[in-house]
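Notes follow once the structure below has been shown.
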Amino acid sequence: MVHGGFFNRVSNTFKMMKSCLDVLKKDRELILFPVFAAISVAIFVLIMSAGGYLDNLDTEQGGSLAPLILLIFGANFLIVFFNSALVSAALERLRGGDPNVKSGLSHAIKHIHHIFFWSIIVTIVAILIAIIRGDRRENSIFREIFASIIQAGWAMMTFFVVPIIVSENIGPINAIKRSTSLFKQTWGDQVVANFGFGIFQLFGVLLGVVVGWFFGLFSPVLGAFLGGSIAVMSVAIIYTLEGIYKAALYEFALGEKPLEFQQEDLRTAYQRKVASAF
């Protein structure tokens, strides 16, 4: 039963991945959104570093928290913005449209105020969870477990926030309430995600490491370039597929029938935690 449930979840993940890939094949430019996010975050960090804002982040030595908070918020805002553009484009495709980078970015810009305030909330929650975890040198397993539970609960509550913001044009607080309601309404209180995208992302990174190591035997520069390129592209692809998947689940939760996806696959995308825990 345990093994059957596990293999059923793995099988369903592959089905969902295939459906997401079908969407991505029709709109290959969707992969540019996570690439833009990564590049923009890197540029933001470089700008802060060049300005000297990151020179004194050690609060134990009297450093200010302000630059660190600004860094976290800026990174979150850029990631959320491009994720919103990705989800907007994915929703457009699933509703029969023909999206592109411009349409996705344009739609995200229309909701920039909601994205801004949602990024503030995300930053506050991230900082609070980090405070709960405390100094990793303390090695407190109980604080780590507690923080992980809070993080998992928060992820469930806010799963549909971005699709709701870009689709229904409501503020982040109401979007959180709506997301929680929509999630419970469709899959119940005790649920466990059945994505498996993290596993594929890990495989992609490991492939990059292996390729980089092999070619690094002949040329360190070539090895670093090929390995890094494969790892970055793997992460970008999986991130894009996750965005498409989230958009499809949101459509399903609304009672719609997103193109490229089978209703039964979406219905079984989440399993009862009780059933999967034993």
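The values are calculated or read from the model by the stated rules, or taken from the named source; none is laboratory data. This one's a predicted model, so the numbers in the text were calculated from it and none came from an experiment. Positions of Cβ are backbone-derived with ideal geometry, glycine not excepted, and every protein chain shown enters the neighbour counts.
A few points about this structure:
- Here residue 96 clears all of (1) touching a residue at least 12 places away in the same chain (Cβ under 8 Å); (2) part of a helix (DSSP H, G or I) except the condition numbered (2).
- So residue 232, is it aliphatic (A, V, I, L, M), at pLDDT below 85 and closer than 25 Å to residue 157 by Cβ: no
- Any pair with Cβ under 7 angstrom, 6 or more apart, that starts in the stretch 68-89 at a residue that is of a type in the set (S, T, N, Q) and ends at one that is not in a helix (DSSP H, G or I): 84/111
Each row is one residue, and each column tells you yes or no for (1) crowded, with 20+ Cβ neighbours inside 10 Å; (2) modelled with pLDDT of 85 or more; (3) part of a helix (DSSP H, G or I).
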| residue | (1), (2), (3) |
| --- | --- |
| 174 | no, yes, yes |
| 211 | no, yes, yes |
| 239 | yes, no, yes |
| 247 | yes, yes, yes |
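- Selection status of residue 251, charged (D, E, K, R), buried (at least 17 other Cβ atoms within 10 Å of the Cβ) and either modelled with pLDDT under 85 or not in a helix (DSSP H, G or I) (or both): yes
- Test: residue in the stretch 139-150 that is buried (at least 17 other Cβ atoms within 10 Å of the Cβ) and either in contact (Cβ under 8 Å) with a residue 24 or more places away in the chain or assigned to a helix (DSSP H, G or I) (or both): yes
- Residue within the stretch 269-277 that is of a type in the set (Gly, Ala, Ser), at pLDDT below 80 and either within 21 Å of the chain's Cα centre (by Cα) or closer than 26 Å to residue 33 by Cα (or both) present: yes
- Residues of the stretch 49-68 that are surrounded by 14 or more Cβ atoms within 10 Å (Cβ to Cβ) and either touching a Cys at 6+ places or on another chain (Cβ under 8 Å) or at pLDDT 80 or above (or both): 67, 68.
- Restricting 107, 113 to those that are crowded, with 16+ Cβ neighbours inside 10 Å, part of a helix (DSSP H, G or I) and not hydrophobic (A, V, I, L, M, F, W, C) reduces the list to 107.
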